[in-house]
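Chemist: Structure below; questions to follow.
The values are calculated or read from the model by the stated rules, or taken from the named source; none is laboratory data. None of these values were measured; they are calculated from a predicted model. Note that we place each Cβ from the backbone using ideal geometry, even for glycine, and neighbour counts take in every protein chain shown. The area values use the complete protein model at the heavy-atom level, side chains included, leaving out ligands, DNA and RNA. Shrake-Rupley method; radii C 1.70, N 1.55, O 1.52, S 1.80 Å.
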Amino acid sequence: MLGTAPAARAATPPSGALSPAHPAVSWQSPTYAQGSVPDPKHCPSAAEDPQGKVCGRFDLTVDVPAGYWRDNPDGGVPVSVTWPDPAMEFDLYVYDSTGREVAEDASGADPASAVIPDASGTYQVLVVPYHVTDASYTATAQLTRPTTVGDATGISRDGDGYLIRAAGGAQARVDFTTEDTFRLRFSPDGSFTAPPVGEMIATTPPVLKTVRQSDEGDYWAISSRDVTLRAYKHPLRFALYADGDSRLVWQETRGLTWTEDATAQTLARGPQEQFYGVGEQNGSFSHRGRTVHAANDFNWNEGGFNNSQPFYLSSAGYGVFRHTYAPGTYTFGDPVTTAERERRFDGYYFYGPDLKKVISAYTDLVGKPFMPPVYGLEPGDSDCYLHNANRGERHTLDALQVADGYTANQDPLGWMLVNDGYGCGYENLQQTGQGLRDQHAQLGLWTSTGLPNQDEEVKAGVRVRKLDVAWVGPGYKFALDGCRTAYDGIQRNSDARGFVWLPVSWAGAQRCGVLWSGDQKGSYDYLRWQIPTYAGATMSGIAYDTGDVGGIFGSDPKVGTRDLEWKTFIPTIMTMDGWAAADKQPWRAGEPYSSINRRYLQLKERLLPYFYTLAAEAHRSGVGAVRPLVLEYPDDPNTWGDAAKYEFLSGKDFLVAPVYEDSAVRNGIYLPAGTWVDYWTGRTYQGPTTLNGYQAPLDTLPLFVRAGAVVPMWPEGTLSWQTRDTARLDYDVYAKGSSSYTLYEDDGTTRAREQGASATQAVTVRSVGRGHGMTTVEVGPSVGDYTGKPAARAYGFTVHTGAGPGAVLLDHRALDGFDSRAAFDAAPSGWWYDAAAGVVHVKTPQQSTASGFSLLLAGAGPIAG
């Protein structure tokens, strides 16, 4: 809700001043007989409401010297509002002298608090009571004095960990949980407390028993096999070393610092050190030189952080998770300061040094991304049918007509939400669910009020849940609990996997939910800032992060199509209709949009084996599909920040550079080292290079494939995972050197995979020579079993090569070659070379999945480049 201030203030509102000589101020509001103001825009002006009886106002002046906040963990002035009855609901906003909002707490919870960052000058504090009866509030603002830990006075073993004592009764505790992960806690008064009740951590890890400690004079060394944590004595400061205590990873430039309500760690920043993570940060993925927030937030646009997490990782090879529900402010300047608004310090530190390994270690702690059902990777559709104020009176069963539209237009559909929870309920739920299943789609419900009827709804066929801010808006533990309740409810009442969307979350939500960036209006600017948002979220172990195609409030058809094009290459997408002026299903805008949309939706459906395998990888490793380039090319400075900000990798094989302007030309496409193939034309590029002037008319998403890629696909014409031809599997192969790929398969919907009901199939490609060389494709057996696994299947290959083959052999037997596409299509097996595209098309007869086979393309070497 960041934005402009409400109506102009009066000349004489209540006021107060803070300074080092006067460090605290408090004030009392009038009693609100019936507060029901929905947002700041509905507050009357101060002239119209001089006593603040509708909205509370207070002018706060802060007079501090320059640099006052540099070493203060609060980072500004904390403002808090408390009511006698915590059931009162209200929002708190702070505006500077220009009317720009600088702080808010719009969680609706009591007490509310916000920090005015780097406060200096005059501010208007605004309290908006939207559900208050016969009550008044007390507000306080204060300047806090920071304290930094003094000298260390001793160290002792405590169980399998170590206690470090410091001057004034402060204590630190160090517990290693693996050879490259440790927990560091600190208490100013020597007492260690846990976070509020609720588990961010999936399973608390045991303490490693093999850690050793030694006294090195100036410091104590606490060492595992992989790293050494140094605790310097005068004063107490920490530093982490690796490679046999020879390579510095990070070091504090000052000791841990605290106030009454905040703690901070201050680290040196390396000359080229980069920082990533902190969950979903709208509009950014790389944070060097920036201040970012880990907190509850309701700014759905660029700069918001509603799905943030208190975790960051560094290109120096480490990550930090602050084990807290408190809001955090992370400033990645020089030095780096990370502060949490609580008087306790509790952090887990992970050493990689590989960034993927750091993400994996973090998600070992807070939980791996959940394994979605396959229909969750198909497009979703959401609308209100019963009592929709924007569409007139309809009924829940009318959703079936929309599902019919998807079928008639050959647009794939995986699931539908048939209500919206805001006064739009449902009827005939079981009948609606059966009708959707008849169209190969699953039934979902959106809730803004909790899940009082969850058991009955799931038994009636509900397999998808969307949670909303009217319920889980308080965020933090509340959002985690809601996500887990919805996820477990699906699994408790059916054999299906949980599939839940939510708009606010915290660390640990990746193990139960798809994170949704909230309410936006579709525009080219919306397209632009969402690109780094979702790629950046992957750096915090978030595998499923997304926004509505075209925005919840709609967009013009061109923007909607551009948005759909690039979201083809993120795992989870949804079109939401009821809040827009007109329905947004992919055929609604007519031509040319409907044909383009259909083309990309069908491509997404064909690519589901690729995305489903990436989902299994994310569930195993913590690393999601939508990746900033730095994750795969960490040594390339062009991937670290803005040079590659508006593109991403889908898996490691597709490079996607969305068009985010009203233009048919895309500039600034950075291709890292290696050979890259234009997906549409077959043209090759040698990286590193930057492409300008790339021709991208409305039907063309700039899309490149890594040479060496092996991409599994379902056959052309596939419109649903349920109706696909299980007797056929395709592989799109970009022959270059030696490469391999392992396909993952299971039944797609149940939890039988947790008991091992799954299969993998390895594919190895070797391509040698120049142009006229040789390419071999080795397809291994499908190892493992699951319900519905085919005993045999045919295979189709599109092999991108440097020249056409003279012969194609299947297990040393020649396949028939054809001179035209038509003849090839008519034959049950064989091969055909498309010289214009540089692609060899191969079809095999049915092959047993219990055994492997090989293809030899004699005379067809690697693609150029």
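Chemist: Quick one: divide the alpha-carbon radius of gyration of the stretch 137-221 by 2.2 N^0.38 Å and tell me what you get.
Modeler: 1.38
Chemist: Additional query: Which entries of Lys356/Lys521; Lys604/Lys843; Lys209/Lys356; Lys53/Lys477; Lys209/Lys357 show an alpha-carbon separation above 24 angstrom in the structure shown?
Modeler: Going by Cα-Cα distance, Lys356/Lys521; Lys209/Lys356; Lys53/Lys477 fall outside the 24 Å limit.
Chemist: Tell me the carbon and sulfur percent of the accessible area for the stretch 395-467, rounded to whole percent, probe radius 1.4 Å.
Modeler: Here it works out to 43 percent.
Chemist: I'd like the carbon and sulfur percentage of the solvent accessible area for the stretch 749-865, probe radius 1.4 Å, heavy atoms only, ligands and nucleic acids excluded.
Modeler: Reported share for carbon and sulfur atoms: 54 percent.
Chemist: Based on alpha-carbon atoms only, what is the radius of gyration of the stretch 338-418 relative to the globular estimate 2.2 N^0.38 Å?
Modeler: For the stretch 338-418, the normalised Cα radius of gyration comes out at 1.91.
Chemist: Roughly speaking, what is the centre-to-centre gap between the stretch 283-352 and the stretch 660-685 when only Cα atoms are used, to the nearest Å?
Modeler: One Cα centre to the other: 33 Å.
Chemist: Okay, next question. Express the carbon and sulfur contribution to the solvent-accessible surface of the stretch 212-269 as a percent, rounded to the nearest whole number, probe 1.4 angstrom.
Modeler: 41 percent
Chemist: Let me ask something additional. Heavy-atom accessible area per residue, the chain, 1.4 Å probe: how many Å²?
Modeler: 35 Å²
Chemist: If you don't mind, there's one more thing I want to ask. Provide Val469, Val549 ordered by accessible surface of protein heavy atoms (probe 1.4 Å), highest first.
Modeler: Val469, Val549
Chemist: Nearest 10 degrees is fine. How inclined is helix 429-438 to the longest principal axis of the chain, computing both from alpha carbons?
Modeler: 30 degrees
Chemist: Arg254 to Asn692: FRET efficiency via 1/(1 + (r/R0)^6), r the Cβ-Cβ distance, R0 56 Å, to the nearest 0.05?
Modeler: Efficiency, from the Cβ-Cβ distance: 0.75.
Chemist: With +1 assigned to the C-beta of every Lys and Arg and -1 to the C-beta of every Asp and Glu, and no other charges, what is the dipole magnitude of the chain about the Cα centre in debye, to the nearest 20?
Modeler: 1680 debye
Chemist: Something else: Going by accessible area, probe 1.4 Å, with all protein chains left in place, what is the ranking of Lys521, Lys368, largest first?
Modeler: Lys521, Lys368
Chemist: Along the charge dipole of the chain, which of Tyr32, Val149, Ala616 sits closest to the positive end, that is, farthest toward it, with unit charges on the beta carbon of Lys, Arg, Asp and Glu (+1, +1, -1, -1)?
Modeler: Ala616
Chemist: Along the charge dipole of the chain, pointing to its positive end and built from +1/-1 on Cβ of Lys, Arg, Asp and Glu, which listed residue (Pro828, Tyr487, Pro188) has its Cα farthest out?
Modeler: Sorting the options by dipole projection puts first Pro828.
Chemist: Along the charge dipole of the stretch 360-489, pointing to its positive end and built from +1/-1 on Cβ of Lys, Arg, Asp and Glu, which listed residue (Ala399, Asn428, Pro474) has its Cα farthest out?
Modeler: Pro474
Chemist: What angle, in degrees between 0 and 90 and rounded to the nearest 10, separates the Cα long axis of helix 557-567 from the longest principal axis of the Cα atoms of the chain?
Modeler: The angle comes out at about 80 degrees.
Chemist: Measure nothing but the geometry: give the 0 to 90° angle between the long axis through the Cα atoms of 476-492 and the longest principal axis through the Cα atoms of the chain, rounded to 10°.
Modeler: Helix 476-492 sits at roughly 40 degrees to that axis.
Chemist: Percent relative contact order of the stretch 383-498, based on C-alpha pairs within less than 8 angstrom and at least six residues apart?
Modeler: The value is 21 percent.
Chemist: Starting from the Cα-Cα distance between Gln28 and Ser740, subtract it from 0.36 nm times their residue separation and give me the gain in nm to one decimal.
Modeler: 249.5 nm
Chemist: Right, here's the next one. At a probe size of 1.4 Å, how large is the accessible area of Trp529, to the nearest 10 Å²?
Modeler: Surface accessible to solvent at Trp529 totals approximately 10 Å².
Chemist: Any chance you could get the radius of gyration and Dmax over the Cα atoms of the chain, in Å?
Modeler: So, for the chain, Rg and Dmax equal 28.9, 93 Å respectively.
Chemist: If you don't mind, another one. If I take every Cα pair under 8 Å that is 6 or more residues apart in the chain, average their sequence separation and divide by the length, what percent do I get for the relative contact order?
Modeler: Answer for the chain is 7 percent.
Chemist: Based solely on its DSSP helices, what 222 nm [θ] is calculated for the chain when runs of n ≥ 4 H residues each add -39,500 (n - 2.57) and the sum is averaged over all residues, nearest 500 deg cm²/dmol?
Modeler: Result for the chain: -4000 deg cm²/dmol, rounded to the nearest 500.
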